[in-house]
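Q: One structure is given below, represented as structure tokens, and several questions about it will come after.
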Amino acid sequence: MNEQFLIERPAFDPATGRARFSYGLGGLHFVETLDFPVGIDAAATKSPNFLKLLDLTAIVLGVSYFKLKAPLAIAAPQIALNQAERAFVIDVYENGLGEFYARNNLLRFGKLTLAAPHDSAEKQPRVALPDRTLLPIGGGKDSLVSVDLLTHTGVAFTPFAVNPKGPILTSVDKIGTPPVYVTRRLDPEMIALGSQPGYYNGHVPSTAINSMIAALCALLYGYNQIVLSNERSASEGNVEFDGRQTNHQYSKSLGFERLIAGILGDATGGALTYFSLLRPYSEARIASLFTHESKFDKVFSSCNRNFRLTGNDGPLWCGECPKCHFVFLIFAPFMAKDRLLAIFGKDLLDNPAHEASFRELAGLAGQKPWECVGEILEAAACLYTLTRHADWHEAAVVRAVKADLLAQYGEPKLQAAMAECLTDSHDHHIPPALAAKVAAYAV
């Protein structure tokens, strides 16, 4: 394989608010654009901090084009990188694409090369950023719990999204705060080639991509804090492949959070902070916190099947995918049954056809699904709790898996796992003062 993936120097036009990113691969040329809303700080676009972040964004966005052929060589001849940035790029193209490699049986770990000029500066000069918070909104339960936590701890924030659609738009409308929306236009030829013979397709680290775009917004509009809504279970992988654990949610993991936080901090001279507000919590704990507020019940959705790149092509919840099943499962121990059924429109635990899916979620069969779902033991613990729950113990799936659940894990382990799910972790990077306020509220 002698192909090379070429990343060209990006360009930004302050007059139009458009960023342009160009790539080359095997004789093909691709152009992607980002369109930013009005209100840009034109002076910020000339700062070394913004130019550094724009370069790094070009590299991260490039994964969508690189994966068409997944060559071993990556070249960015006009983008200077220091040692930490080189390590970051390789991490994004290796671990960030881990699921893509595993599902296409491509051996790339430890084999990728990156050719780029050397930047001797370890950190850029500090940029002045106002004390303001940018909060990415995904339209699902997690970011809406962050909305509740920030609101009740007195932290003002601006909702942020890339290509908002469906539940993002309706959730932000319920939040009632003017958002920052960025329009991302992928090269249509890349999208078309992804379905053609001779080209690969698959999962990319979307959280890494959106985080870099959020960082550009932080400089363009003045924010010193990007607050993510990634839970602790995002760090659990799916399968072993090519000598390492591959994780569908890698760019939501704590390890990647530490890595990108360092990169964004160095690019802004320490001015921009990046952390997940939900990192101390399990998915079950987040579900319990979601029950505190009901105003988002009819607008949110964590179902990926019905919300693809092209937009909403179905109801809020398909009711058939692993994500729907997992979210229903973690809500069931904490939410009134009639409220849960009103959200989903049907009882997903009382359908025998769903048994195989719940068995996978709980580790009783197959592997952890390639979805943003919680830890296997967490799902098992929630199912166990439902075997003792007055509203759910007679549900078809709960009755069908009960014996195998107890045989595989044992009651003491399942009880301990549920207790652990509801115990907050201290392994996070939330600023101490904010962490204390959130802990006092989130009881």
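Q: State whether the residues of the range 7-14 include one that is over 28 Å from the mean Cα position of the chain (by Cα) and modelled with pLDDT under 95.
A: no
Q: Another one. Return a yes/no flag: does the range 41-53 have any residue that is part of a loop (DSSP other than H, G, I, E, B), without any contact (Cβ under 8 Å) to a residue 12 or more places away in the chain and out of contact with any Leu (no Cβ under 8 Å at 6 or more places or on another chain).
A: no
Q: Kindly provide the set of residues from the range 248-292 that are open to solvent by 30 Å² or more (accessible area, probe 1.4 Å) and farther than 21 Å from Leu134 by Cβ, ordered by number.
A: Tyr250, Gly255, Thr291, His292
Q: If Ala407 satisfies all but one of (1) of a type outside the set (D, E, K, R); (2) under 30 Å from Val155 (Cα atoms); (3) exposed (fewer than 13 other Cβ atoms within 10 Å of the Cβ), what's the number of the condition it fails?
A: The number of the failed condition is (2).
Q: Give the residue, chosen from Arg108, Arg126, Arg132, that is among the basic types (Lys, Arg) and more than 22 Å from Gly262 (Cα to Cα).
A: The match here is Arg108.
Q: Could you check how many residues of the range 323-367 are of a type outside the set (Val, Ile, Thr) and open to solvent by less than 30 Å² (accessible area, probe 1.4 Å)?
A: 20
Q: What are the residues in the range 38-73 that are aliphatic (A, V, I, L, M) and closer than 17 Å to Gly96 by Cβ, if any?
A: Hits for the range 38-73 are Leu56, Ala58, Ile59, Val60, Leu61, Val63, Leu68, Ala70, Leu72.
The values are calculated or read from the model by the stated rules, or taken from the named source; none is laboratory data. If you're wondering where the values come from, they're calculated on a predicted model, not measured in any experiment. Glycine gets a Cβ as well: all are built from the backbone with ideal geometry, and neighbour counts include every protein chain shown. Please note that ligands, DNA and RNA were not included when accessible areas were found on the heavy atoms of the full protein model with its side chains. Shrake-Rupley method; radii C 1.70, N 1.55, O 1.52, S 1.80 Å.
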